[in-house]
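The values are calculated or read from the model by the stated rules, or taken from the named source; none is laboratory data. Bear in mind the structure is a predicted one, so any value in this text is a computation, not a measurement. Positions of Cβ are backbone-derived with ideal geometry, glycine not excepted, and every protein chain shown enters the neighbour counts.
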Amino acid sequence: MAKREKRSGNEAVAIAMKQINPDVVAAYPITPSTEVVQYFSVYAAFGEVETEFVPVESEHSAMSACIGAQAAGGRSMSATSAQGLALMWEMLYIASAYRLPVTLACVNRALSGPINIHNDHSDSMGARDSGWIQIYSEDAQETYDNFIQAVRIGEHPEVMTPTMVCYDGFITSHKVENIELMDDEEVKAFVGKYNPPYSLMDKENPMSMGPLSLPFHYFESKRQQAEAIKGALPYILEVAEEFRKVTGRSYGLFEEYMMDDAEVAIVIINSTAGTAKDAIDKLRATGVKAGLIKIRVYRPFPVEAITKALSKVKAVAVMDKADSLNGAGGPLYTDITSAMFNRVSGVHVVNYIYGLGGRDVRIDEIESVYADLQEIVKTGKVKEVYNYLGVREN
């Protein structure tokens, strides 16, 4: 039976970890993800889990320990943010190349410098091509639900890929909300026992992991990895449907809000979707046909589904809480436009960089984006494709 409690996003993840009871949790503290492993360390200290909790000397070591545990046939987890994820960089690629389904909570925080501890998506967006599945969460409930599902997704025999569950630092990680928690036994039954197809500890089937791969084999291994990532989409939906049957909460590859008859829409990730929904409600009351797509699964990118959803509108603003510094647009924008190229015609698409380093994003600013889109629809002209929202210009 579900339990309704008041929990922050970080607490929700720590509780999910406790309920899953992994073999190893290895971590190094960094704001704002520190609370996750701090809470979990208490569970470990009081014997509420059977997990081997490994405090290490760096985030690079944390992911290395997770990789070692997973390679030995165990289920491993960690949590990090910003510079911590950056220090894991080398090992992120190792975990995915070895097809080890490590589960990681990434509490989104701006990458320094300048030094900043507040929220944007530059950390996980920088890791978007590291071979990890990436799932994003608007609030504490979605964070909890996504983390539980992530274990099943990554460990699916047809996927076997590490999974990163991302949620906004402080905005979601520290804000306390009413959420529904599953019973411990429900979580254990849903996640099940980890049965890896291979492990270093299987003496009946000796194997090596991480051999030298020269040009004759490397290309093929990366191609297989790419196919596994792309092929994960139906299994993500399969796990979501099983989760719905247990909890009643439904998840897809993305959420559509007021998109049935929308003429103008924005595409956005994580907590700012809540602000955007309030803006849409206000605009709808005045007759503006505004809609929203909130990305949940960013890697693998749901190309076919998202282009189908966007083909119905006249103008789209893609909102990026990270900047690619490329003069062309943010990471989500370039993925959206790449997906739409040769698939969708007649839809104007513009980009807005917003909220860097934790800059507040107000409802009236979101409304101004919709006003720009309405002007584009009216005139058929785009003044500027690559825009910055809420920045003080010279």
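Can you find a residue that is β-branched (Val, Ile, Thr), closer than 24 Å to Asp145 by Cβ and not in a strand (DSSP E or B) anywhere in the stretch 308-316?
No.
Residue by residue through the stretch 332-363, note down the ones that are more than 22 Å from Arg299 (Cβ to Cβ) and of a type in the set (Ser, Thr, Tyr).
So in the stretch 332-363, the residues more than 22 Å from Arg299 (Cβ to Cβ) come out as 345-348, 350, 357-363.
Scanning the stretch 332-363 gives a single hit, Ser345.
Which numbered condition trips up Thr307, out of (1) in contact (Cβ under 8 Å) with a residue 60 or more places away in the chain; (2) out of contact with any strand residue (DSSP E or B) (no Cβ under 7 Å at 6 or more places or on another chain)?
The single condition Thr307 does not satisfy is (1).
Inside the stretch 12-43, can you point out the residues that are surrounded by fewer than 20 Cβ atoms within 10 Å (Cβ to Cβ) and hydrophobic (A, V, I, L, M, F, W, C)?
Within the stretch 12-43, Val42 is the sole residue that qualifies.
Could you go through the stretch 37-46 and let me know if any residue there is touching a Gly at 6+ places or on another chain (Cβ under 9 Å) and either assigned to a helix (DSSP H, G or I) or in the same structural domain as His118 (by TED's automatic domain parsing) (or both).
Looking through the stretch 37-46, none of the residues is touching a Gly at 6+ places or on another chain (Cβ under 9 Å) and either assigned to a helix (DSSP H, G or I) or in the same structural domain as His118 (by TED's automatic domain parsing) (or both).
Can you tell me how many residues in the stretch 80-91 are out of contact with any Asp or Glu (no Cβ under 9 Å at 6 or more places or on another chain) and surrounded by 24 or more Cβ atoms within 10 Å (Cβ to Cβ)? Don't jump to the end; show me each part of the working.
Here is the first cut: in the stretch 80-91, the ones out of contact with any Asp or Glu (no Cβ under 9 Å at 6 or more places or on another chain) are 89-90.
Narrowing further to those that are surrounded by 24 or more Cβ atoms within 10 Å (Cβ to Cβ): none.
The number of residues fulfilling the criteria is 0.
Please specify each residue of the stretch 278-317 satisfying the condition of being surrounded by 19 or more Cβ atoms within 10 Å (Cβ to Cβ) and among the hydroxyl-bearing types (Ser, Thr, Tyr).
Tyr298
Tally up the residues in the stretch 198-253 that are touching a Leu at 6+ places or on another chain (Cβ under 8 Å), in contact (Cβ under 8 Å) with a residue 24 or more places away in the chain and farther than 21 Å from Ala95 by Cβ, please.
Counting residues in the stretch 198-253 that are touching a Leu at 6+ places or on another chain (Cβ under 8 Å), in contact (Cβ under 8 Å) with a residue 24 or more places away in the chain and farther than 21 Å from Ala95 by Cβ gives 2.
Show the residue pairs that are 6+ apart or on different chains and have beta-carbon atoms under 8 Å apart, the first residue being within the stretch 106-131 and more than 17 Å from Val297 (Cα to Cα) and in contact (Cβ under 8 Å) with a residue 60 or more places away in the chain, the second being among the polar types (S, T, N, Q) and not in a loop (DSSP other than H, G, I, E, B).
Ala110/Ser122; Asn119/Asn108; Asp120/Asn108
Conditions (1) surrounded by 14 or more Cβ atoms within 10 Å (Cβ to Cβ); (2) among the small types (Gly, Ala, Ser); (3) assigned to a loop (DSSP other than H, G, I, E, B), marked per residue:
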{"residue": "Pro197", "(1), (2), (3)": "no, no, yes"}
{"residue": "Asp202", "(1), (2), (3)": "no, no, yes"}
{"residue": "Glu220", "(1), (2), (3)": "no, no, no"}
{"residue": "Tyr235", "(1), (2), (3)": "yes, no, no"}
{"residue": "Phe243", "(1), (2), (3)": "yes, no, no"}
{"residue": "Val246", "(1), (2), (3)": "yes, no, no"}
{"residue": "Ala265", "(1), (2), (3)": "yes, yes, no"}
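Against the condition closer than 18 Å to Asp261 by Cα, touching a residue at least 60 places away in the same chain (Cβ under 8 Å), assigned to a strand (DSSP E or B) and of a type in the set (D, E, K, R), how does Lys282 come out, does it pass?
The answer is no for Lys282.
Any idea which of Asn342, Asn387 is assigned to a loop (DSSP other than H, G, I, E, B) and polar (S, T, N, Q)?
Asn342
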